[in-house]
1. What residue, of A:Gln256, A:Gln216, A:Gln210, is in contact (Cβ under 8 Å) with a residue 40 or more places away in the chain, open to solvent by 30 Å² or more (accessible area, probe 1.4 Å) and within 14 Å of chain B (Cβ to nearest Cβ)?
2. Residues being of a type outside the set (Val, Ile, Thr) and assigned to a loop (DSSP other than H, G, I, E, B): count how many of those fall in the range B:1-46.
3. Return the total of residues in the range A:160-207 being more than 14 Å from chain B (Cβ to nearest Cβ), under 14 Å from the mean Cα position of the chain (by Cα) and among the β-branched types (Val, Ile, Thr).
4. Among the residues that make up the range A:321-332, is at least one of them assigned to a loop (DSSP other than H, G, I, E, B), over 18 Å from B:Tyr276 (Cα atoms) and either open to solvent by 60 Å² or more (accessible area, probe 1.4 Å) or within 11 Å of chain B (Cβ to nearest Cβ) (or both)?
5. Could you please find all residues in the range A:253-265 being over 14 Å from A:Arg238 (Cα atoms) and within 29 Å of the chain's Cα centre (by Cα)?
6. Based on this model, can you work out whether A:Asp399 counts as open to solvent by 10 Å² or more (accessible area, probe 1.4 Å) and over 22 Å from the mean Cα position of the chain (by Cα)?
7. Please state which of the following conditions B:Gly210 fails to meet, knowing it meets all the rest: (1) in a loop (DSSP other than H, G, I, E, B); (2) under 25 Å from B:Glu178 (Cβ atoms); (3) small (Gly, Ala, Ser).
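The values are calculated or read from the model by the stated rules, or taken from the named source; none is laboratory data. As the structure is a computational prediction, the values presented were derived from the model and not from experiment. Cβ placement follows ideal geometry from the backbone for every residue including glycine, while neighbour counts extend to all protein chains displayed. Protein only, heavy atoms only, side chains kept; ligands, DNA and RNA dropped before computing areas. Shrake-Rupley method; radii C 1.70, N 1.55, O 1.52, S 1.80 Å.
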Amino acid sequence: MVEYYLDRIESTSHLNAFLATYADEARSRAAKVDARLANGTAGRLAGMVIGIKDLLCYAGHGVHGGSKILEGFVSQFTATAIQRLIDEDAIIIGRQNCDEFGMGSSNENSAYGPTLNAADTTRVPGGSSGGSAVAVQADLCFASIGTDTGGSVRQPAAFCGVVGLKPSYSRVSRWGLLAYASSFDTIGPITRCVEDAALLLEIMAGGDEQDSTVSQWPVPSYSQYLSIDGSKKIGYFRESLDSEGVDESVKAVLRQSIERLRQEGHTVEPVEFPLAHYYLPTYYILTTAEVSSNLSRYDGVRYGYRSPKAHDLDSLYRLSRTEGLGAEARKRILLGTFVLSANYYDAYYTKAQRVRRLIKEEIERHFQEYDFLLYPTTPSVAFPLGEENSDPIKTFLADIFTVQANVTGVPAISLPLGTDEQGLPVGIQVLAGAFQEEKLLAFARYLEQFVQASEEVPI
Amino acid sequence: MTDDIKAQYELVIGLEVHAQLLTESKIFASDANHFGSPPNHNISVITLGHPGTLPKLNQKAVDLAIRFGLATNSTISPRTVFDRKNYFYPDLPKGYQISQDKKPICVGGEIWVKLKDGTEKAIPLHHTHLEEDAGKSIHDDQSTDTLLDYNRAGTPLIEIVTDPAMRSAEEAGAYLTEIRKLVRYLDICDGNMEEGSLRCDANISVRKWGDPVLGTKVEIKNMNSVRFLQKAIEFEYDRQVSVLEEGGTLIQETRMFDPETGRTYGMRVKESMNDYRYFPEPDLVPILIDEEKLAAERAKMPALPRQLMQKYEGELGLSHADALLLTESKATVAYFEEAIAQAAPKTVANWLTGPVRTWMNESKKELSAFPVSPGVLAALIRLVDENKVSHSAAAQKLFPALVERPDVAPLALAEELQLIQQGNSDVLQALIDEVLAAWPDKVKEYKKGKKGLIGLFVGEVMKKSKGQADPKVTNQLVARSLDNLS
């Protein structure tokens, strides 16, 4: 398997999905895992070849966060989530391209060039876990581990026609995840099917000494309980079928899913989110505030990029950060610095924290009535390269369906439930209440079978 | 400037004291918290702020901060939150310091100081918060390079902030002295100002008496002793009054104290005030402190100097001076308390403030280095109380011998040195009878009223006893024997 994937990565290098591969190491690990398989002592992920986003630490391996400022930096420790996979005999095959420090939704903000969508190489793969989504889409590894702060696992999964799971905030330890916005960041799998996502989450999730914010709730065996019982009550975002901002092809896939669910005896109703207009402002105020602080450590003093033109302390900071960080990162740092400044703190940061609480209460009310919420993951299919930068407002609008789960901390999964007329993947997202991954994954598995069944018909 | 002019101005001082907590490891990492290691020895990926690291709170630091809060009568916040203080400096690895801003662990409270004129004053605390220390920038004289040592980065600190409540250098000095004593008592900080375990910044302003508005405050840094703090305050008092008297205006600034000249000097003027952009640290959860936790810390709380002073002066009837000396350090108190379990408190106090202190002064050592244990000292005191050894023999011969050979029991040592008094009245009586029999004329003269002759008999008895008789007892017995003679 390792050879197969290494060959695939090599032959699709134009996609720029992997920034580094660990060929020799993967081969030698594969040999060891084979031996364990032979004597029956292998772990639960034996032989599973996994790629990791360039925001996750792996001891002795580079981690650059898609940024020039960390070029050449080698991590001295392994992220808890990754270590747990390794402990179950997964094989880490390489490091995947992403938007700089997770900021972007097209993968064009990577200092190492954009990743291309394998379904149409003139289009973006989404972001920020673009490389990770393409790697699964193009069969370059069995599964990828991405990170999701505002949709960075789900949106590229939707654009690339694969499954992307964002767990509840704090379900998976953040130790070893390069921080973008600490109170939003999550680690999630990108896979070909729900079952794989369930197994990977089950192994990565749970308490960790190294992360004081991680949940201590026991982790159910998600992969063992992938069936639903009885009829469910499902709400969908009214605007996702009514708004002109959502592409017809996307609406069609959603409509299809809704009809099918109704046929199967489930209740599906439109729901209102009066606070929806506040999702993005809340998300951007709080995440930029956090990122402005989280990226302060990249200062050219101890590690990473240091400008050769620096001649004193002030220029060391200024030049290293200006030259080392990309435009999007710099923009968000400036925004965050502004919203945290003494004169504006209450007007922005404090207010956004309050609104965040209201948005949480809003979704909690819905989950008292509905088992699941169902939306498009994105209002459109993958857009052409270069389009993002031309119209930032439209890109921001594309975030609307995904950021809700990050602002509120609930789990969400994007499923490839259809394609548009050009064959570009459309992702449909399901959300459940906080820490309801077990229910969410079972229902996602159920939805996934709709398409698998219909695909099997022509055969 | 004349004192008259200065007297028109009120001096206002607030202090910020940083105390490094005596924890085994750092506040957010497991690296050792130790002064004096080789540079960059106690550093981990967390201390260096490597990408992907997260802080992990050392509960011990919280406990020590609670202990301080309880000792100063502060309100311990049931829910306390860490904040990030954002600024760039090379010795600050993450580009922010994890500190506390809006919800510090201890709020209010006070520290009592006693001034030279005997008055006591409570210095009100604004709050005490937990934070991490930064690393150290080292400027080598030989080059323009700056070297960075991150050993200190992440050392747990409490910052103790007073209200602007002090009115003289004496008060500020007394306060800092009291803080140092208190943190040592509480075992939360070694109080070493030279090594920087205890550091003090002062906010100083002046205003005309009666003016309800505080003057422009100047922050003074780099004062690593009580004396320097007081010098800096005195200097600033004069400087600020002079500036105002000459019609100038003071600027809000940070100044450094130069111990060489005793003056303060302004640092490079910064373009604007630093905006630290505080916000709640999202990598840590709020600390919840319940009654159970407080009760547990209360149980571990040692008696405090102020309470002990009251006990020693009141209950035990010691003099103020003795009580002050005994409560100087926790070690002295522990020694004293252990000794008084086996000997009379007043006598123990006399020994500690007398011979033991002399030993400390002469040997230039702390009480912790004193070789004689409290139990052994108490045994020596009992020998005196029981008249087995005279006080002078105990102080001049037995005590120095014990210091040399602290493992030998005082009684055995006294016997060896032949210091045991002939307190045994049978032996003494025989000697007395002998002496009286040998001096019949003098006995007659005594009986006739020449009472001063008793000294002669006592002296003779002492001579016969080779100095081992207790003079007091001998005196009594000789008098009684003479009275009994017909």
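1. A:Gln210
2. Matching residues across the range B:1-46 total 22.
3. The total comes to 4.
4. No, the conditions are met nowhere in the range A:321-332.
5. A:Val253, A:Gln256, A:Ser257, A:Glu259, A:Arg260, A:Leu261
6. Answer is no for this residue.
7. Checking B:Gly210 against (1) in a loop (DSSP other than H, G, I, E, B); (2) under 25 Å from B:Glu178 (Cβ atoms); (3) small (Gly, Ala, Ser), the one that fails is (2).
Here's the yes/no breakdown for (1) outside any strand (DSSP E or B); (2) at pLDDT below 95; (3) more than 30 Å from B:Val285 (Cβ to Cβ):
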position	(1), (2), (3)
B:Lys103	yes, no, no
B:Ile111	no, no, yes
B:Asp117	yes, yes, yes
B:Pro124	no, no, yes
B:His127	no, no, no
B:Leu130	no, no, no
B:Thr144	yes, yes, yes
